[in-house]
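Step one of this worksheet: look at the structure below.
Bear in mind these aren't lab numbers, they're just calculated from the coordinates by the rules spelled out. Since we're looking at a predicted model, the values are computed, not measured. Neighbour counts run over all protein chains shown; Cβ positions are idealised from the backbone, glycine included.
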Amino acid sequence: MSLESRINSSETRIFKAVFPNTTNHYDTLFGGTALHMMDEASFICATRFSRKKMVTISTDAIDFTKPIPQGTIIELVARIDKVGKTSCIVKVDIYKEDMYSNHREIAVTGYFTFVALDENKKPTPIV
């Protein structure tokens, strides 16, 4: 399977509804909850790409550009952005979508770096 094909087939999409237990005192999605969801989606994407044991080693440039109000549908889209010998960078976008209209826009974007580990917890090739 080609690298491009592996990247395409590992794209991960997760939909969620923003309920009161995930919001802050402004009734918008709590940033820590958004980060948790993004790390999970990016982990699944990295694992699907590599089919190895992956761990998060860093995050970079998490941009919260729009608030995500309670009662919104969100879609997390995780896609491989860069591939190294033992690591990859996954870009995650969170789209917010009104439940009762067709309005949809990107609200959060972030980058997560993963490294593959072997049975001795040492970096191992993914390509």
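Overview of values
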{"item": "Angle in degrees between helix 31-50 and the longest Cα principal axis of the chain, rounded to the nearest 10", "result": "30 degrees"}
{"item": "Calculated percent of Cα pairs over 27 Å apart (choose from [x] 23; [y] 18; [z] 56), label", "result": "[x]"}
{"item": "Under-26-angstrom lysine pairs by C-alpha in the range 3-117, whenever the two are 8 or more apart or on separate chains", "result": "15"}
{"item": "For the chain, size of Cβ-based charge dipole, Lys and Arg +1, Asp and Glu -1, in debye", "result": "560 debye"}
{"item": "Contact order relative to length of the chain, as percent, for alpha carbon pairs under 8 angstrom and 6 or more apart", "result": "28 percent"}
